[in-house]
Amino acid sequence: MASFDSETRTDSKDNPSGGETAHEGAHHTATRLVHAGRDPKAHEGFVNTPVYRGSTVLFETVAELETGNRRYTYGRKGTPTIEALESAIAELEGGVRTVLAPSGLAAISSALLAFVEAGDHILVSDSVYRPTRLLCDGLLKRLGVETTYYDPLLGAGIEALVRENTRLVFVESPGSQTFEMQDIPAIAKVCRARGLWLIADNTWASPLYCNPFRLGVDVSIQAGTKYVVGHADAMLGTITANERARNAILRGNQALGLVAGSEEVYLALRGLRTLGVRLERHWQAALEMAEWLSARPEVARVLYPALESDPGHDIWRRDYTGASGLFSVILKPIAKPALVAFLESLTLFGMGYSWGGYESLVVPFDLHGYRTATQWRPEGPALRFHIGLEDVRDLKRDLARGFAAMAAATS
Ligand SMILES: *Cc1c(COP(=O)(O)O)cnc(C)c1O
C-alpha cells in the first residue's frame, strides 16, 4: 500500500495539482488518485479494496487480547476499507493523518470539539457554511465556548480580534454561497504567532486544488459528500491533520465514536479514482458558464474566484491550482414570480441542496438576518449554481429557456 507516512514530499511548482514533486517513489497527483490506498496483493489480486463490514475482530490468544497488540481490534477503530480511504486522503491533502466522519458536518463538529473547552473563544468566518454557524451558536455556546465571526476579507487584520482565551480560527475559503477568498497564509501567520489552531473547511477546492497545509493550516476538512464521493449517493466527512494536530484529532474523533459506514467509504474510494478528470471538467464547464452568465443582461454579478473580474481572483491564483464547479449569480432585481418561472422552467438544472455530483444544480439563497460581521446587500435575487458534467451547450440552452420564461412572467 502507498503509505503516506513513508513518502517524502517537497514543495514544487512543477505539479499543478498539489504542489508536490514526483521523485523517488512519490507520484504526481493523477497517478496518486489511481494508486493511493490500494493494495491488490492483500486482497487476492482484486483491484479494489473490498468492503469490510465488521464490529467484532477475533483474537487468537489471551496475550493478544490483553495487549491489544494487533492491527485491527474493533470495527469502530478501523477496518482495511476505512484505512484505505484515510491513507489516500491524507496523501492527497498533504497531511499526516486523516480520520473519517459520517458527514461533512460531523467532521466539522469533531474537529472543533477536539480543540475547545469551556471558557474558550473562537474566531469563525462570517461567510462560513450555515450549519457550522448553527453549531457554534448552539452546542458550542452551551458548552461555554464563545464565537466571534470575522469579515472573511480581514486577512492579517484578524489579529485585532484575538483575545487571551482565543483557541482557534476556522476558515472556509471561498465562502459558502458568496465565494469571498480569504488570505489564509496571512491568517496562518497570526495563528502561529499567537499559538492558535487553524482549521480550514477545504470542501470547495477538494483535496486536489488547494493544499491547505502549504498555506499554514493545521486541520483540513472535506465534506466528502461533495466531490470525493462525486455521485450524490453517499454522505461522508474527512478530517486531515498535520503532525501537531494529529493526536488531538484522533482522540477527539474516537471520543465521539464517529464511524463512517463501510458502503459510504467504498463509494468515496471509488469516487476518488475519477476525481481528477471530473474536477477538470467541472472547472472548465463552470468557467464557461460563469462567463456566459456574466454577459447576460439579466445578471448583475457572478461570484466565482476563477473569473478574472472576481475580487478574490488574485488570491485564488496565488493559493489554488484549480476551481470547482460551484459559483453564485446575483440577478438584477426581478419580481418573485419571474424568479419562480425561471427556476421551474429549467429541465437540466435540478433544484436541491448539496453539490459535487455529476449533475447540474441551482438553488436560490437569501442571507438576510444571519451575517453579523459583514453586510450582504445583493442587487437582486441570489442563485447558487453547480455545473455538472453535461454538455455546456445544452446547459446554456436550458438557462436561456429559463430567462425567456422569466421575461414572459415579467411582461
Ligand atoms: C456540504 C458542506 C458541508 C457539510 O457536508 P455534509 O456531508 O452535508 O454534512 C460542510 N462544508 C461545506 C463547505 C459544504 O459545502
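May I ask you to list the residues in segment 95-124 that are crowded, with 23+ Cβ neighbours inside 10 Å, within 11 Å of the ligand (Cβ to nearest atom) and outside any helix (DSSP H, G or I)?
Ala101
Can you spot a residue in segment 229-243 that is over 18 Å from the mean Cα position of the chain (by Cα) and either charged (D, E, K, R) or not in a strand (DSSP E or B) (or both)?
Taking every residue of segment 229-243 in turn, at least one turns out to be over 18 Å from the mean Cα position of the chain (by Cα) and either charged (D, E, K, R) or not in a strand (DSSP E or B) (or both).
Looking at (1) within 16 Å of the ligand (Cβ to nearest atom); (2) more than 15 Å from the chain's Cα centre (by Cα); (3) of a type outside the set (A, V, I, L, M); (4) within 29 Å of Gly271 (Cα to Cα), which is the one condition that is false for Pro174?
(2)
Within segment 318-350, which residues are within 16 Å of the ligand (Cβ to nearest atom) and in contact with a helix residue (DSSP H, G or I) (Cβ under 8 Å, 6 or more places away or on another chain)?
Listed by number, the residues that qualify are Tyr320, Ala323, Ser324, Gly325, Leu326, Phe327.
Between a first residue in segment 164-175 that is within 18 Å of Gln222 (Cβ to Cβ) and outside any loop (DSSP other than H, G, I, E, B) and a second residue that is polar (S, T, N, Q) and within 16 Å of the ligand (Cβ to nearest atom), which pairs have beta carbons less than 6 Å apart while being 6 or more apart in sequence or on different chains?
Val171/Ser125; Val171/Gln182; Glu172/Ser125
Just to be sure, is Ala245 among the small types (Gly, Ala, Ser) and out of contact with any strand residue (DSSP E or B) (no Cβ under 7 Å at 6 or more places or on another chain)? Give the derivation first.
Details: among the small types (Gly, Ala, Ser): yes; out of contact with any strand residue (DSSP E or B) (no Cβ under 7 Å at 6 or more places or on another chain): no.
No.
Answer with yes or no whether Leu161 is aliphatic (A, V, I, L, M), within 16 Å of the ligand (Cβ to nearest atom) and at pLDDT 95 or above. Lay out the reasoning, then the answer.
Details: aliphatic (A, V, I, L, M): yes; within 16 Å of the ligand (Cβ to nearest atom): no; at pLDDT 95 or above: yes.
Taking the combined requirement at face value, the residue does not satisfy it.
How many residues does segment 363-382 hold that are crowded, with 21+ Cβ neighbours inside 10 Å and either modelled with pLDDT under 95 or in contact with a Leu (Cβ under 7 Å, 6 or more places away or on another chain) (or both)? Give the derivation first.
Taking segment 363-382 as the starting set, the residues that turn out to be crowded, with 21+ Cβ neighbours inside 10 Å are 381-382.
This time we only want the ones that are either modelled with pLDDT under 95 or in contact with a Leu (Cβ under 7 Å, 6 or more places away or on another chain) (or both), so: 381.
So the answer is 1.
Could you pull out the residue among Tyr129, Tyr150 that is within 16 Å of the ligand (Cβ to nearest atom) and either within 19 Å of Pro174 (Cα to Cα) or crowded, with 20+ Cβ neighbours inside 10 Å (or both)?
Just a single option satisfies the conditions, and that option is Tyr129.
I'm checking my understanding of the structure. Among residues of segment 352-365 that are more than 19 Å from Gly402 (Cβ to Cβ) and not hydroxyl-bearing (Ser, Thr, Tyr), which one is nearest to the ligand (Cβ to nearest atom)?
Of everything passing the filter in segment 352-365, Gly356 is nearest to the ligand (Cβ to nearest atom).
Take segment 270-292 and flag every residue that is over 16 Å from the mean Cα position of the chain (by Cα), under 29 Å from Asp233 (Cα atoms) and either buried (at least 19 other Cβ atoms within 10 Å of the Cβ) or charged (D, E, K, R) (or both).
Once the filter is applied, which keeps residues that are over 16 Å from the mean Cα position of the chain (by Cα), under 29 Å from Asp233 (Cα atoms) and either buried (at least 19 other Cβ atoms within 10 Å of the Cβ) or charged (D, E, K, R) (or both), segment 270-292 yields Arg270, Arg273, Glu280, Arg281, Ala285, Ala286, Glu288, Met289, Ala290.
Within segment 242-250, is there a residue that is touching a helix residue (DSSP H, G or I) at 6+ places or on another chain (Cβ under 6 Å) and among the β-branched types (Val, Ile, Thr)?
Yes, segment 242-250 contains at least one residue that is touching a helix residue (DSSP H, G or I) at 6+ places or on another chain (Cβ under 6 Å) and among the β-branched types (Val, Ile, Thr).
Please verify whether Arg53 is modelled with pLDDT of 95 or more and surrounded by 11 or more Cβ atoms within 10 Å (Cβ to Cβ), treating the condition exactly as stated.
Values: modelled with pLDDT of 95 or more: yes; surrounded by 11 or more Cβ atoms within 10 Å (Cβ to Cβ): yes.
So Arg53 passes the test.
May I ask you to list the residues in segment 244-266 that are more than 16 Å from the ligand (Cβ to nearest atom), of a type outside the set (D, E, K, R) and in a loop (DSSP other than H, G, I, E, B)?
Ala245, Gly257, listed by residue number.
Collect the residues in segment 188-207 that are away from the ligand (no atom under 13 Å from the Cβ) and either under 24 Å from Ile89 (Cα atoms) or surrounded by fewer than 24 Cβ atoms within 10 Å (Cβ to Cβ) (or both), keeping them in residue-number order.
If the condition is that a residue be away from the ligand (no atom under 13 Å from the Cβ) and either under 24 Å from Ile89 (Cα atoms) or surrounded by fewer than 24 Cβ atoms within 10 Å (Cβ to Cβ) (or both), then Ala188, Lys189, Val190, Arg192, Ala193, Arg194, Gly195, Leu196, Trp197, Leu198, Pro207 are the ones that fit.
For the list (1) free of Cβ contacts under 8 Å to residues at least 60 places away in the same chain; (2) surrounded by 17 or more Cβ atoms within 10 Å (Cβ to Cβ); (3) among the charged types (D, E, K, R), I need the number of the one condition that Lys336 fails.
It fails just one condition, (2).
Restricting attention to segment 322-367, which residues are part of a helix (DSSP H, G or I) and acidic (Asp, Glu)?
The one that is part of a helix (DSSP H, G or I) and acidic (Asp, Glu): Glu344.
Within segment 341-396, can you find the residues that are in contact with a strand residue (DSSP E or B) (Cβ under 9 Å, 6 or more places away or on another chain), closer than 25 Å to Arg133 by Cβ and without any contact (Cβ under 8 Å) to a residue 24 or more places away in the chain?
Scanning segment 341-396 gives Met351, Gly352, Tyr353, Val363, Asp366.
State whether one or more residues within segment 72-87 are assigned to a strand (DSSP E or B), of a type in the set (Phe, Trp, Tyr) and within 16 Å of the ligand (Cβ to nearest atom).
no
The values are calculated or read from the model by the stated rules, or taken from the named source; none is laboratory data. None of the values given here were measured: they were computed from a predicted structure. Note that each Cβ is placed from the backbone with ideal geometry, even for glycine, and that neighbours are counted across all protein chains shown.
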